[in-house]
Amino acid sequence: MSNYNLNEVLKRRKAEAPQKNSNGDVKLDDLSRVKVLSPGRQVFKRFIRNRLAVFGSVMLILMFLFSFLGPLFYPYGQKQIFYKYEPRNVDYGMVKENTAYTGLDVSDGARIERSVNNKMNSIIKGMAGEDDYIMGEEQGYRVHRLAEDVYLASASEMEAVCELGESQVSVGTYSLVGKKLTFDGEAVEGLEAAAADAIAKNAKGGSFELDGVTYTYARGKAKSYAISATSDGLRYVGEALDAGFEAALNAAAEGGASGFEYDGAAYVLTGDEDSVTALRMTDPQPARVYSRLTVSTYEVGQEVSDEMLRQALLATAGDGAFEAEGQSWTLAAEEGGWVVRGADGAEFMELTPFSVRRYNGDDTMEYGLKKALTEKALEMAAADAREGVITYDLPMQTETGEYVTDEAGNVSCQETELKLTRSQTGEYVVNCEQVIYVINMFDAPSRQHPLGTDGDGFDVLARIMYGGRVSLMVGFVVVFLETFLGVIMGGLSGYYGGWVDMLIMRLVDIFYCLPYMPIMIIIGALMDALRMDTYIRLIVMMAALGIMGWASVARLVRGQILTLREQEFMVATEATGIRVRDRIFHHLVPNIMPQLIVQATMGMGGVILTESTLSFLGLGVKHPLATWGTIINSVSSASAMQHYAFIWIPVGLLICVTVIAFNFVGDGLRDAYDPKAKR
Amino acid sequence: MLKYTVKRLAYSVLILFFVMFIIYVLMYNMPSGYVETKARELASRPGATKSYAEWLADLNAQYGMDKGVVGGYFVWLGNAVRGNWGDSWAWTIPVTQVFHNTVWYSFALGFVSFIFEVMIAIPLGIVAARKQYSFTDYFTTVVAMVCISMPTFFVATVLKYVFSVKLGWFDLSGMQGRNYMALSDFGKFLDVARHFVLPLVTLVIISIGGLMRYTRTNMLEVLSADYIRTARAKGVPEKTVINRHAFRNTFIPLVTMLGGTLPGLFSGALITETLFSIRGIGYASYTSMTQADIPFIMFYLAFISILTLLGNLISDLLYAAVDPRVRLS
């Protein structure tokens, strides 16, 4: 005992230590035996022992990865619209027989007045013979048929030639005073006596005959009678023409013709049944050529100038040769129309009464197709069939709607069935399958779109990811807001007590009593009426949810603080003179943290439910911003629900799983923090 | 007890006053509402003697909206206290008439679902508590959690998809079948009942979880009490322990809670009724809310707030009535 040395004792013990362990001789209070866990570790250990809570945590982690990291790796955005190429039965083109005649000015000088031009279409359609004559207000016109469906109108100044038919000619005046007849022109023998006789018989007026001419007399002023002769013969205005003209005139007048041609000059007849006036066209000029033919070129997309068309139409009357665009062309009548050939004999274009064109406005139809369609239409018209089908080589399309070309750069063709249907108006509509570019709506799940696309052509999986972001973010922000407000209000209320407590608790009562859902719906309708931007709506909605939810947190915090306030450590803080603010927020609030965390976790699920319900009703976040509620809302109609279950079922399950996970984790945390707590 | 009740009632009136004020402020700020539309309509009528602005001023005066928010609120309050709730703007009949037309459908829906809820949730909760940590317990807990976590609209959509679209057993929505008018009185009743099945199932599913958990928790607490151990120790059969000793004590919190929910049976299921187009008060109020029908919304929200306050009061009073250990102060 005398030479007791502490250092030696320690050395000895150190040397004994490994020996003791190897002996397995362990004391009860040995450090290696009693494993002390920190409170945090203890909670964690209890938490992971709860299988449901672990399941919830895993689901939540997956959900966060999915929503926040998923979009980084997923190629599509939430507002990206997808299109697709789809073969569809489209209106390819139409075949129509032209019935309207359209005019083309021939010369710069001669014009056709508008009123005549307007009715030219019906005049031409009503024409029986080769020629027709029209008297306009300023000029006279002659329409001449150059060939079938081609008419040339010439205009000219007019000059009256003669009158034909019944007309009254004043002969003279018979005066009762001198019993004498005064002639206007040359005297007629015996007329004076005959007139006196007739007037004596009937003084009021009448008629009498003399030498086969009927005279009428009417009482004029100062006891005199005007005598006129009625004649139905021919009277020339200027110099008289020969007998051949008269014969032609009479023939035309009796036949009801509107004009005739004689000796190289054209005459227009106007007037009514009783009398006809013949006018000569002094200087006829070709003015306008009318036709109902349309051009189709042999090569696709060739331009045909008006000048060329005009020359071609005029050439229909002659031998068919004409000059245009510095070249000479020949025109020949063939079955179904006129064919224009170049100087080398190659076919250039055709003039037919059938117009065949694409519905989209391009003139991309080749000549052979036009011909085939026209023939089919004619055949159908002859058979009075409503529908007909032809097969033709149309340019082949790939799946993406592009034309296929071979190595030489020629467009490859593919036999396609073209269906002709006669419409009510007599046109033939041509339908066929074509690959076109459309929005990819309600596409079923596929490799490209694992969950398909929705009604706007958005990728559903991308929408769900971005929707998850919004939904989770709303949950976090709202819960943070309501916890923040609740801790402050509850802390003040619980710590101070008295009138502060009274006031805050009544406020809590009021907010408890406010009907949650109706208020949110009213706010949603209010934002609808204000036409708020969708991002502002999101912020307003989060703020409203937070303000509506703080009351329960405040009540919880107050209750906890009331019990904690009485404990020794709070008395100690008071004794050491710590500031009130620090006493509340450094010593009280950390002690209620477990309850707050549990409350917040459970609240998160509730907020996500509320947000999705509001969005589902269309009163929360709006299109095009995605949330889980709006995605389901977009397919909530009966038919959409039935056919597009691949859209709403995954989203609905996702909402359920997220909320369940939050609740499981909340439950687990509560049990872990305080195993004896009443649930 | 009487003094407590009177005090609580006085508080309730005060709370109601402020709750309605907050709601009135919200409604007051509704832009381009009914009044403007009505004024425009009256001004454009043939033979209208007043301009749009004059009609607007007139109507605003009539509805007390020209006196500012506070003044307008007191005008409304004065009318409401006298029982004059006005005419609904969206339904164009007196507000009380709308209430009478709709509330009984809501009550029927709420009451039947309440009965089912109680009949299903309480026995399940007790079974789960009796066999704690067993498979039954886990199963019940998980089912309860799933029910709590499902959004109403998703439950409704799934039910519609399965039973209306796929199986064709029920109509998608509405309250009457196509040949309703041709049916006898009893047939009409059955027809309407048939249309109530899916909403009912929806309501039961979404509300069953909470009650189940509540029952289980309270039962567990009672089962760990000393008097249960005593009963078991003295050899009382397990059946008697559960049914007599434990269940009766579990009843105290249950009755308190269920009593508090009773007034809520009248308040209607806003979302469910809307989804199934049941013409209950919830659906009517939803329609009114989206159309800024101030008189009806004010009436409905006042009604709901009163029911909530009444529920709280009943709950507290029952607590004292059922459990003699509790003294109210």
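Computed from the coordinates by the stated procedures, all read-outs in this text should not be read as laboratory data. Predicted model only: the values in this text are computed from it and were never measured. Quick reminder, even Gly has a Cβ in these numbers, built from the backbone with ideal geometry, and neighbours come from all protein chains shown.
By how many degrees, 0 to 90 and rounded to 10, does the Cα axis of helix A:243-254 deviate from the longest principal axis of chain A?
50 degrees
Residue by residue through region B:315-325, what is 3J(HN,Hα) from phi via Karplus (6.51 cos²θ - 1.76 cosθ + 1.60, θ = phi - 60°)? Round to whole Hz and write x for glycine and proline.
Per residue, the Karplus-derived 3J(HN,Hα) values read 4, 5, 5, 4, 4, 6, 5, 7, 10, x, 6 Hz.
Between residue B:50 and residue B:79, 0.36 nm times their residue separation minus their Cα-Cα distance comes to what?
On the way: separation 29, 0.36 × 29 = 10.44 nm, distance 2.69 nm.
Taking 0.36 nm per residue and subtracting the Cα distance, the gain is 7.7 nm.
With θ set to phi - 60° and the Karplus curve 6.51 cos²θ - 1.76 cosθ + 1.60, what are the ³J(HN,Hα) couplings of region B:130-136 in order, to the nearest whole Hz, using x for Gly and Pro?
The phi angles translate into 4, 10, 4, 6, 7, 4, 4 Hz.
What 222 nm value per residue comes from the helices of chain A, counting each DSSP H run with n ≥ 4 as -39,500 (n - 2.57) and dividing by all residues, nearest 500 deg cm²/dmol? Display every interim value, and only then the final one.
Working: 18 runs with 281 residues, N = 679.
Helices in chain A give a 222 nm mean residue ellipticity of -13500 deg cm²/dmol.
Which pairs in the list A:119/A:419; A:622/B:50; B:3/B:67; A:622/B:38; A:79/B:38 are over 32 Å apart, alpha-carbon to alpha-carbon?
On the way: A:119/A:419 37 Å; A:622/B:50 40 Å; B:3/B:67 38 Å; A:622/B:38 29 Å; A:79/B:38 40 Å.
The answer is A:119/A:419; A:622/B:50; B:3/B:67; A:79/B:38.
How far, in degrees from 0 to 90, does helix A:191-201 lean away from the longest principal axis of the Cα atoms of chain A, to the nearest 10?
For A:191-201 against chain A, the angle is about 70 degrees.
Starting with the highest mean, order A:372-383, B:132-143 by the number of other Cβ atoms within 10 Å, averaged over the residues of each peptide. Before the final figure, lay out each step's value.
Numbers: A:372-383: 16.4, B:132-143: 14.5.
Most protected by this proxy first, the peptides run A:372-383, B:132-143.
If you line up the long axis of helix A:51-64 against the longest principal axis of chain A, both from Cα atoms, how many degrees apart are they, to the nearest 10?
40 degrees
Quick one: compute the contact order of chain B, relative version, from alpha carbon pairs under 8 angstrom and 6+ residues apart, as a percent.
Relative contact order of chain B: 25 percent.
Provide the packing ranking of A:340-353, B:232-245, A:320-333, B:193-206, i.e. peptides ordered by the mean count of other C-beta atoms within 10 Å per residue, highest first.
Details: A:340-353: 16.6, B:232-245: 12.4, A:320-333: 14.1, B:193-206: 20.8.
Per-residue Cβ counts within 10 Å, averaged per peptide and sorted highest first, yield B:193-206, A:340-353, A:320-333, B:232-245.
What are the ³J(HN,Hα) values, in whole Hz, obtained from phi via the Karplus relation 6.51 cos²θ - 1.76 cosθ + 1.60 with θ = phi - 60°, for each residue of region A:633-639 in sequence order, with x given for Gly and Pro?
With the stated coefficients, region A:633-639 comes to 4, 5, 10, 8, 6, 4, 6 Hz.
Shielding of A:503-514 by partners, i.e. mean partner chain Cβ atoms within 10 Å per residue? List each step's numbers first, then the result.
Details: counts 0, 0, 0, 4, 2, 0, 8, 9, 4, 5, 14, 10.
Counting other chains' Cβ atoms within 10 Å and averaging over A:503-514 gives 5.
Sort A:667-673, A:640-646 by the packing proxy (mean of other Cβ within 10 Å over each peptide's residues), most packed first.
Working: A:667-673: 21.4, A:640-646: 17.3.
Going from most to least packed, we get A:667-673, A:640-646.
With an 8 Å cut-off on Cα pairs and a minimum separation of 6 or more residues, tell me the relative contact order of chain A in percent.
Working: 1071 pairs, mean separation 113.7, N = 679.
Taking the mean separation of contacting Cα pairs over the length of chain A, I get 17 percent.
Residues of B:282-290, mean number of Cβ from any other protein chain within 10 Å of their own Cβ, rounded to a whole number?
Working: counts 2, 0, 0, 3, 6, 0, 3, 11, 9.
Going residue by residue through B:282-290 and averaging, the value is 4.
Across all directions of projection, what mean area in square nanometres is found for the Cα convex hull of region B:233-299? Mind showing how you got there, number by number?
Values: hull surface 27.9 nm².
Over all viewing directions, region B:233-299 projects a mean Cα-hull area of 7.0 nm².
What does the structure give for B:156-165 when I average, per residue, the other chain Cβ atoms found within 10 Å of the residue Cβ? Intermediate results must be reported in sequence, preceding the final value.
Working: counts 2, 9, 6, 0, 4, 6, 0, 0, 3, 6.
Other-chain Cβ atoms within 10 Å of each residue's Cβ, averaged: 4.
So for region A:167-231, if I pair up every lysine 8 or more residues apart or on another chain, how many of those pairs have alpha-carbons under 16 Å apart? List each step's numbers first, then the result.
Working: A:179/A:201; A:179/A:221; A:179/A:223; A:180/A:221; A:180/A:223; A:201/A:223; A:204/A:221; A:204/A:223.
Close lysine pairs found across region A:167-231: 8.
Based on the Cβ-Cβ distance of residue B:238 and residue A:502, what FRET efficiency does E = 1/(1 + (r/R0)^6) give at R0 = 56 Å, to the nearest 0.05? Mind showing how you got there, number by number?
On the way: r = 49 Å, r/R0 = 0.88.
Using R0 = 56 Å, I get an efficiency of 0.70.
Cα convex hull of the protein assembly as shown: how many Å³ per residue?
Numbers: hull volume 423.2 nm³, N = 1008.
Looking at the protein assembly as shown, the number lands at 420 Å³ per residue.
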